[in-house]
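Participant: Shown below is the structure under consideration.
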Amino acid sequence: MAHSNRREFLSLTAGAAAGALISEAAYAGKKRPNILVILVDDLGYGDLSAYGAPDLKTPNIDALIAEGMRFDCFYANCPVCSPTRASLLTGRYPHRVGVPGVIRTHADNSWGYLDPHCVTLQDRLRSAGYTTALVGKWHLGLESPNKPNQRGFDFFHGFLGDMMDDYFNHRRHGINYMRLDDQEIDPQGHATDLFTDWACDYIRRQSSSSQPFFLYLAYNAPHSPIQPREDWLKRIQQREPHIDPQRAKFGALVEHLDDGVGKVMKTLHDAGLDEKTLVVFSSDNGGRLHFGACNDPLRGEKGALYEGGIRVPTAVRWPGRIPAAACSNRIALTMDIMPTVLDAAGIKVQSEIDGHTFLPTLLGRNQPPLDRDLFFIRREGGAFQGRTIEAIRRGDWKIMRPMPGESLELFNLQSDPREYMNKAGVETRVYAELGGRLLDEMATYDDVPWQPP
């Protein structure tokens, strides 16, 4: 049974590499769209006014969402940073490219090593004539061969490491990880402002080029430390006098971030690239509640496999192609972004991936739901002691292990979206099927090394 399930799953994922919706031949003599992927860090499901936040104002991200398609059931591939980023750039489950957990500065607390041989989104775009750039947070390796310029990015202006210990001095454990390509730099200013300015500069430079670009803009905000600029904090305190102090600080980081996204989108418009650019906006995981994030109406937070840890606000904008003010309940994951972007550019995947394009949905065409199991995993140290938590969603059912060694829990997300009613002792057939499927997938878990050689 286990091997049969595995063969079926591999057959399904292999189908993702089959041809693109928009053929490469269709782009002969035409300009491919520019691609801008904006990934923010630890944004909660309920932290945008477009997603129901009553106390925060995010007009620029709201406008981006309103001008394209909003997704209400979009998942990050993992409830923590590095694995989701690995899935975004490879189209694969993170453990299949060696990143089941967070890559950190210290080797004894680092839980991933990006497979040096896996094909990335930027590799494929560059081979099709794109120039590729990363502005902001990398978080997929500090050493060769896993630095951005060695993994398909022509240009890198940002932070090599994971979180910053300070948004103004940009250090982590006393080490400066700010880089311009491979050169160490020491810029002044809040990281959100720096990444915004660098992204805008890049767009302006590319506006006179005939070559399409892929810009991956990865903000650190609103990840801890919750260190907003004072002017943004005062703004929200004056507008919301009764707001919780921690929520005010977190909200100031979010609203500052929103302002940055607005500047980037205005730069696209002013450069005449608005209708020539496909824009994806998403978060790498859910928000951390004790830092002031809000994942309402979902249960849980960053780090956990309840919906609040993995369901994230997501939208895609492409004027003239994606209908404005569209909304989709289609279930999709971060790893689906790679095949979707390549599909939009008329580029074949040409590598084994696990993601599936959702471009037909974006273009308003009929796209039946995929018959696939969605697998989530996180490996961690500390209380995890190097062990994992896992989950699978199949249709409306989700089975998950909340902590290593604990019993599996079973929820029906249609009837119980807040995951209050554990059905493990009631729906025994579903529990046995999904539990077996989980074990089947875990049998493949160590196929790709997650530690450096």
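Participant: For C327, C73, which order do you get if you count the other beta carbons within 10 Å of each Cβ and list the fewest first? The partial results should precede the final answer.
Facilitator: Working: C327 10, C73 15.
Starting with the residue having the fewest Cβ neighbours, the order is C327, C73.
Participant: Using percent of Cα pairs over 39 Å apart as the read-out, say which of (i) 40; (ii) 25; (iii) 15 was calculated from these coordinates.
Facilitator: (iii)
Participant: Further question on the same structure: Report the extension gain between E275 and H242 in nm, rounded to one decimal, defined as 0.36 nm multiplied by the number of residues separating them, less their alpha carbon distance.
Facilitator: Between E275 and H242, full extension yields 7.8 nm more.
Participant: Hey, fewest Cβ within 10 Å first, where do E184, E433, E301 land in order? Walk me through the numbers on the way to the answer.
Facilitator: Numbers: E184 11, E433 17, E301 22.
Starting with the residue having the fewest Cβ neighbours, the order is E184, E433, E301.
Participant: Taking the Cα-to-Cβ direction at C73 and at A432 and moving 7 Å from each Cα, how far apart do the two end points lie in nm?
Facilitator: Spacing of the two 7 Å Cα→Cβ label points: 2.7 nm.
Participant: Which cross-chain or sequence-distant (5 or more) residues have an amide H under 5 Å from the amide H of G91, H modelled 1.01 Å from N in plane?
Facilitator: Under 5 Å from the amide H of G91 lie the amide H atoms of M338, each far enough along the sequence or on another chain.
Participant: Using per-residue counts of other Cβ atoms within 10 Å, averaged over each peptide, order 330-338, 48-56 from highest down. Working shown, then result.
Facilitator: Working: 330-338: 25.4, 48-56: 18.6.
Highest-to-lowest ranking by the protection proxy: 330-338, 48-56.
Participant: Right, here's the next one. Using the Cα centre of segment 23-362 as the reference point, and only Cβ charges (+1 on K/R, -1 on D/E), how large is the resulting charge dipole? Debye, rounded to the nearest 20. The partial results should precede the final answer.
Facilitator: Details: 36 positive and 41 negative charges, 131 e Å.
Dipole magnitude for segment 23-362 comes out near 640 debye.
Participant: If you don't mind, another one. Starting from the 7 Å offset along Cα-to-Cβ, what nm value, one decimal, do you get for the label separation of R126 and T444?
Facilitator: With each label placed 7 Å out from Cα toward Cβ, I get 2.8 nm.
Participant: Still on this model: Ranked by Cβ crowding within 10 angstrom, fewest neighbours first, how are K234, K249 ordered?
Facilitator: Going from sparsest to densest Cβ surroundings: K234, K249.
Participant: In percent, what relative contact order does the chain have, based on Cα pairs under 8 Å that are 6 or more apart in sequence? Could the numbers behind the result be given before it?
Facilitator: On the way: 1017 pairs, mean separation 122.1, N = 453.
This gives 27 percent for the chain.
Participant: Need one number: nm distance between label points at N329 and D55, each 7 Å from Cα along Cα→Cβ, rounded to one decimal.
Facilitator: In this crude spin-label approximation the distance works out to 3.0 nm.
Participant: Greater than 29 Å separation of Cα atoms is the criterion. Which listed pairs, K31/K57; K57/K398; K57/K137; K137/K249, meet it?
Facilitator: K31/K57; K57/K398
Participant: In whole percent, what relative contact order does segment 332-453 give with Cα contacts below 8 Å and a gap of six or more residues? Before the final figure, lay out the partial values.
Facilitator: Numbers: 136 pairs, mean separation 15.5, N = 122.
Answer for segment 332-453 is 13 percent.
Participant: Quick check: Cα centre of segment 366-416 to Cα centre of segment 27-67, how many Å?
Facilitator: What the calculation gives is 26 Å, centre to centre.
Participant: So for segment 23-362: antiparallel DSSP bridges make up what percent, rounded to the nearest 5? The partial results should precede the final answer.
Facilitator: Values: 14 of 42 bridges.
About 35 percent, rounded to the nearest 5.
Participant: Now for a different question. First measure r as the distance between the Cβ atoms of F168 and R205, then evaluate 1/(1 + (r/R0)^6) with R0 = 22 Å and state the FRET efficiency to the nearest 0.05.
Facilitator: 0.25
Taken together, the values in this text are just the output of simple stated rules run on the coordinates, not laboratory data. Worth saying up front: this structure is predicted, and the values here are computed from it rather than measured. Every residue, glycine as well, gets a Cβ built from its backbone with ideal geometry; the counts of neighbours run over all protein chains shown.
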